[in-house]
Structures are given as C-alpha cells and as structure tokens.
Protein chains: 2
Amino acid sequence: MLYLIGLGLGDAKDITVKGLEIVRRCRRVYLEAYTSILTVGKEVLEEFYGRKLILADREEVEQEADNILKDADISDVAFLVVGDPFGATTHSDLILRATKLGISYRVIHNASIMNAVGCCGLQLYKFGETISIVFWTDTWRPESFFDKVKKNRQNGMHTLCLLDIKIKEQSLENLINGIEFYIYRGRKIYEPPRYMSINQAAQQLLEIVQNQRMRGEEPAVTEKTLCVGLARVGAEDQKIATGTLQQMSTVDLGGPLHSLIITGDNMHPLEMEMLSLFSIPDNSSESC
Amino acid sequence: MLYLIGLGLGDAKDITVKGLEIVRRCRRVYLEAYTSILTVGKEVLEEFYGRKLILADREEVEQEADNILKDADISDVAFLVVGDPFGATTHSDLILRATKLGISYRVIHNASIMNAVGCCGLQLYKFGETISIVFWTDTWRPESFFDKVKKNRQNGMHTLCLLDIKIKEQSLENLINGIEFYIYRGRKIYEPPRYMSINQAAQQLLEIVQNQRMRGEEPAVTEKTLCVGLARVGAEDQKIATGTLQQMSTVDLGGPLHSLIITGDNMHPLEMEMLSLFSIPDNSSESC
C-alpha cells in the first residue's frame with residue numbers, strides 16, 4: 001500500500017494520529033521536499049516519528065517514481081507531503097503510476113494553505129481561482145496571472161496568491177559550473193533555497209499596476225486595494241497583517257512561508273470585523 | 001486560552017498530535033455538533049481523547065457563547081470542530097467575542113472538505129465559488145445558487161457543492177407539539193437528522209435545468225455535464241464516482257456525508273486521467 005500523508009503546516013506534531021501510526025509501521029518513508037516547508041527540519045521529524053526519512057526532491061519524484069513505489073504492492077510505503085497531498089500541488093502522477101502498477105493507495109488528509117488561509121476571517125467559499133506569483137528575473141517578468149485576479153475581483157471573489165519557492169534550483173551560471181563540477185566530482189551545485197516574501201510579491205504587483213496605467217488600461221487592483229499578508233500559517237509564530245497593497249510592500253512578517261490574499265469587494269461585515277483584528281499598524285502581530 | 005481545534009474528516013484518529021495533546025489538558029472541551037459529522041459518535045471520541053465532551057449545538061454557540069468562554073482567560077478551553085475551524089463554516093463569531101473579552105485564542109488546523117476534495121484529482125486552484133444546495137420544501141425551492149455555477153463554468157472553474165445538513169431542526173408540526181411538550185416536560189422535540197445525498201442534489205439540479213429550458217433559457221449545466229460525487233471523504237470507506245449529472249441522480253455512494261462537484265470545462269489531461277479512476281459504472285467504488 002502507498003500512503004500519501006499530509007503533515008499539516010506547522011511542525012512535527014501537526015501530523016494526524018492516524019498518519020503518525022502509519023509512518024511508524026511503513027517499510028520506507030519518503031519526505032517530499034520541494035513544494036513547501038515546515039518550521040522544523042528533517043532531523044526533528046525523524047526524531048519525533050522515530051523513523052529515517054528519505055528526502056525526495058522534484059527530480060526523484062518525477063524521474064524515479066518507480067523506486068518510490070518499489071515493493072509497495074507487498075509492503076507499506078509512506079510518501080509525506082507538507083500540507084495536504086492534494087493541496088497546492090497534487091501528486092496525481094504518483095497515484096496514477098501506482099494504480100497502473102496495481103498498487104493500492106490511501107490518502108491521509110491534513111490542513112493545507114488552501115483551507116488554512118480561512119484563519120484570517122475571509123470566507124473560504126468566496127475565494128476564486130488561486131494564482132501563483134513567480135520570481136521575476138531581468139528577462140522574464142510575466143503579468144498574465146493578473147487577468148485571473150481581475151476576473152476574481154469582477155466576481156466579488158478573493159484571490160489567494162501562492163508565492164514562489166525555489167529549492168534545488170540551478171542558476172544558469174551554476175548550471176554551467178555544475179556541469180563541470182559534475183564531470184569532475186560526480187555531483188551538482190545548487191542555489192540556496194529562496195522563498196518569495198509578501199513584500200516582493202506586492203512590489204511585483206505594484207509594478208504591474210504601473211505598467212497597466214502606462215498602457216492606458218485601468219488596473220483591477222490599485223495601491224489601495226485591501227490585502228492580507230500571512231506568514232507561517234499554522235505555526236506558533238504565525239503572523240497576519242491586513243492593509244493596502246502598498247502597505248504589503250513594506251510590512252515585516254518575518255521568515256517564510258508567506259502567502260498573500262487580494263480581497264474581493266462586497267465583504268461580509270463579519271469578514272471585515274475579523275480582518276480588523278490584524279490591521280497595520282495597530283495590530284499586525286496578532287496571531288490566530 | 002481558547003483553542004479551536006479541527007478534527008479532520010474521518011474518525012477519532014484524524015485529530016493532529018498537537019490537537020490531541022491540547023484536548024487532553026484543557027479544562028473544558030466542547031464539540032461543535034451542527035455543521036458536520038465524523039464517522040464515529042461522541043462516545044468514541046470521548047474514549048479516545050480520555051475526556052468528557054460537552055455537545056454544543058447551534059443555539060448554544062450562538063446564544064450561550066459566554067458560557068463556552070467562561071474563565072478561558074485563566075484556563076484552557078477547547079472547541080472542537082469537524083474538519084477545520086475555518087472550513088465550510090467559520091467560527092468568527094466565537095473568536096470575535098473572545099477577543100472582545102480579552103481572551104487569547106489559537107487555531108489548530110486540519111483537513112476540511114474545502115481542501116480534501118482534491119483527492120478526486122481536480123486541481124484545487126481551479127475551483128470557483130463554493131455553493132450550498134439546500135433541501136427544497138413544497139413551498140421553498142430556491143434556484144439562485146445556479147447563477148454561481150454558471151459563472152464558475154463560464155470561467156472554466158469547478159464548483160464544489162456542499163449539501164444540506166439538518167440537525168436538531170424543529171418541523172412546523174413538531175414545533176407546535178414541541179412547544180406544548182416543552183411546557184409540560186421541559187424539553188423540545190426535534191426531527192431526526194437529515195443529510196442530503198448526491199442523488200437528491202442531482203435531482204434538484206436536473207429540475208432547475210428543466211425549469212430553465214421551460215423559461216427559454218439555456219442552462220449552464222445539462223444532464224450530460226461531468227460531475228464528481230464524493231461520500232465520506234477521508235474515511236476508510238470513502239467513495240468517489242465520476243459521471244454525468246444524470247448518473248449522479250441514481251449512483252449509490254452509501255451513507256453521509258456527501259459532496260458534489262460540477263466540473264468546469266478545459267480540464268487538464270492529468271485531471272481527466274485521475275477522474276477516470278472513478279468512472280461509473282466501471283469503478284465507482286475505488287477509494288483514494
């Protein structure tokens with residue numbers, strides 16, 4: 001049996017009791033390590049679970065899925081995912097491959113950013129399409145996601161923006177060096193991990209707003225649009241801040257992971273009242 | 001401290017390790033018992049948690065929140081919610097009241113139907129506004145939610161339909177008898193709980209489609225629209241079925257709780273492949 005087990009969002013103890021029991025009895029336990037992070041590292045999880053974890057990065061899951069699934073028809077294998085196995089990233093590929101090999105699977109769900117964002121008080125059923133904001137480079141500055149925000153706002157919906165994560169990325173420079181290095185030493189060189197902050201996301205959004213104005217378009221979002229910044233949702237030191245998009249470009253919410261919500265209009269009074277608990281600058285450090 | 005603790009969707013062991021530790025040390029533990037259910041009852045939870053649970057129905061939470069919050073500034077009180085505390089139903093009221101009383105609160109997140117529906121293979125970020133389908137009566141047959149489905153489909157989005165739950169409802173007849181009973185015996189009479197099935201939801205939707213055609217409108221959904229029925233998501237005996245809306249009106253997925261997804265067009269090939277695992281009639285009992 002292949003078990004896909006959600007770890008939740010905070011630390012080692014956010015796994016469910018059911019999930020923990022399964023982890024402790026599986027023959028092999030993989031930790032998916034490229035789409036999200038907990039506030040604790042692999043070693044802390046290993047100590048709490050009492051099991052060695054095998055790190056599975058994107059390459060391994062995509063290219064060596066058969067290794068992960070090896071003998072899963074006759075023994076139990078666990079694949080651990082921060083959040084929920086079907087949260088921001090689905091693991092459909094692994095499930096489809098397991099099914100083709102005649103391997104049964106089971107999902108142990110947990111909180112993901114997709115539902116835990118409700119803690120800011122905005123009603124989950126009023127969220128439209130979720131978007132991803134990626135790190136811009138000098139030559140690649142995509143704005144296309146902005147149309148989705150526009151559509152959501154036209155329909156009175158909130159937009160959850162998932163912010164970019166770069167783990168085990170090879171820069172062009174390091175790619176070249178890495179290839180040389182690979183030839184001589186047998187391994188690759190990677191960039192240190194990067195996590196987009198709310199400030200960076202807001203700055204990119206503000207630039208798009210400016211670009212749209214320069215093109216004579218009326219942007220669906222302005223400097224004054226009400227936004228919610230969330231950091232380390234589900235962790236003890238979680239922070240939430242409500243303010244304008246302009247304020248989001250400077251608010252300090254500490255370390256990763258960050259998420260940003262662009263609110264829709266026509267909010268329910270209860271949503272407004274909840275958001276006011278987290279207003280900048282009065283109360284930006286309130287946790288929920 | 002007031003703790004709002006999500007219980008997840010299946011049984012007693014779907015609580016997180018962190019949640020369980022908090023439940024076991026709180027002075028009073030309330031179980032919110034009107035927006036969702038687990039596959040096990042209060043007694044099973046009490047035995048597993050090793051704590052007595054105080055059932056909190058809608059009336060109590062709305063009218064007697066101060067009792068729930070009593071002494072929560074100097075001791076720990078837990079409020080348990082099936083799914084996530086900010087899932088389908090938010091508990092903003094209780095949090096706002098606590099905050100006004102100077103009581104701190106903390107949320108222990110868990111899976112809710114709002115993110116666990118991802119297990120059918122549809123990508124969560126492509127869901128539009130979530131709707132609720134209520135039990136029709138002879139005199140009250142609302143169709144207004146259908147506009148939201150239409151808007152979602154026009155934007156290529158999936159629609160999660162939460163199906164009605166009636167717990168501790170007083171019928172008009174029982175309301176009269178209940179009042180008399182209340183006078184004589186000091187308690188009220190309630191209807192047995194009712195949970196809308198996928199069949200009932202699909203039948204109501206099909207009737208709306210017919211009504212729209214009779215009015216000369218072109219319905220955004222037809223008998224042939226691809227839907228996903230989900231029953232007891234997160235439980236061992238979870239069932240998923242993919243088929244047309246017409247098929248949803250007769251498919252048998254067993255006991256509650258049920259949810260229905262009306263798919264949007266332009267599905268990703270991976271979504272289609274995942275959905276095919278659950279096709280009616282080939283494989284309607286496949287679990288994930």
Considering residues of the range A:10-32 that are among the hydrophobic types (A, V, I, L, M, F, W, C) and farther than 22 Å from A:LEU230 by Cβ only, the residue surrounded by the fewest Cβ atoms within 10 Å (Cβ to Cβ):
A:VAL17
Residue selected from the range A:94-121 under the condition in contact with a helix residue (DSSP H, G or I) (Cβ under 7 Å, 6 or more places away or on another chain) and without any contact (Cβ under 8 Å) to a residue 60 or more places away in the chain, by the criterion farthest from A:THR159 (Cα to Cα):
A:LEU101
Take B:LEU101 and decide whether it is more than 7 Å from chain A (Cβ to nearest Cβ), surrounded by 17 or more Cβ atoms within 10 Å (Cβ to Cβ) and of a type in the set (A, V, I, L, M).
no
For B:HIS109, the lone unmet condition from (1) crowded, with 24+ Cβ neighbours inside 10 Å; (2) more than 9 Å from chain A (Cβ to nearest Cβ) is (2)
Matching residues, the range A:148-172, being surrounded by 19 or more Cβ atoms within 10 Å (Cβ to Cβ), in a loop (DSSP other than H, G, I, E, B) and modelled with pLDDT under 95
A:ASN155
Checking B:ILE103 against (1) within 26 Å of B:GLY264 (Cα to Cα); (2) assigned by the TED database to the domain that holds B:THR39; (3) touching an Asp or Glu at 6+ places or on another chain (Cβ under 6 Å), which single condition isn't satisfied?
(1)
Given (1) out of contact with any Cys (no Cβ under 7 Å at 6 or more places or on another chain); (2) at pLDDT 95 or above, identify the lone condition not met by A:ALA78.
(1)
For the range B:1-53, give me each residue that is hydroxyl-bearing (Ser, Thr, Tyr), part of a loop (DSSP other than H, G, I, E, B) and touching a helix residue (DSSP H, G or I) at 6+ places or on another chain (Cβ under 9 Å).
B:TYR34, B:THR35, B:SER36
Out of (1) assigned to a strand (DSSP E or B); (2) surrounded by 23 or more Cβ atoms within 10 Å (Cβ to Cβ), the one A:ILE95 does not meet is (1)
Kindly check whether there is at least one residue in the range B:62-73 that is within 14 Å of another protein chain (Cβ to nearest Cβ) and either in contact (Cβ under 8 Å) with a residue 60 or more places away in the chain or among the β-branched types (Val, Ile, Thr) (or both).
no
Quick one: in the range A:33-60, which of the residues that are within 14 Å of A:ALA111 (Cα to Cα) and not hydroxyl-bearing (Ser, Thr, Tyr) is surrounded by the most Cβ atoms within 10 Å (Cβ to Cβ)?
A:LEU38
Can you tell me which residue within the range A:112-127, out of those that are at the interface with chain B (Cβ under 7 Å from one of its Cβ atoms) and outside any loop (DSSP other than H, G, I, E, B), is surrounded by the fewest Cβ atoms within 10 Å (Cβ to Cβ)?
A:LYS126
Filtering the range A:5-30 for residues that are in contact (Cβ under 8 Å) with a residue 40 or more places away in the chain and either within 9 Å of chain B (Cβ to nearest Cβ) or polar (S, T, N, Q) (or both) leaves a count of 10
Scan (1) more than 7 Å from every other protein chain (Cβ to nearest Cβ); (2) touching a helix residue (DSSP H, G or I) at 6+ places or on another chain (Cβ under 8 Å); (3) part of a loop (DSSP other than H, G, I, E, B) for the single condition B:PRO142 breaks and write down its number.
(2)
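The values are calculated or read from the model by the stated rules, or taken from the named source; none is laboratory data. What you are looking at is a predicted structure, and each value in this text was computed from that prediction instead of being measured. Virtual Cβ from ideal backbone geometry, glycine too; neighbours counted across all protein chains shown.
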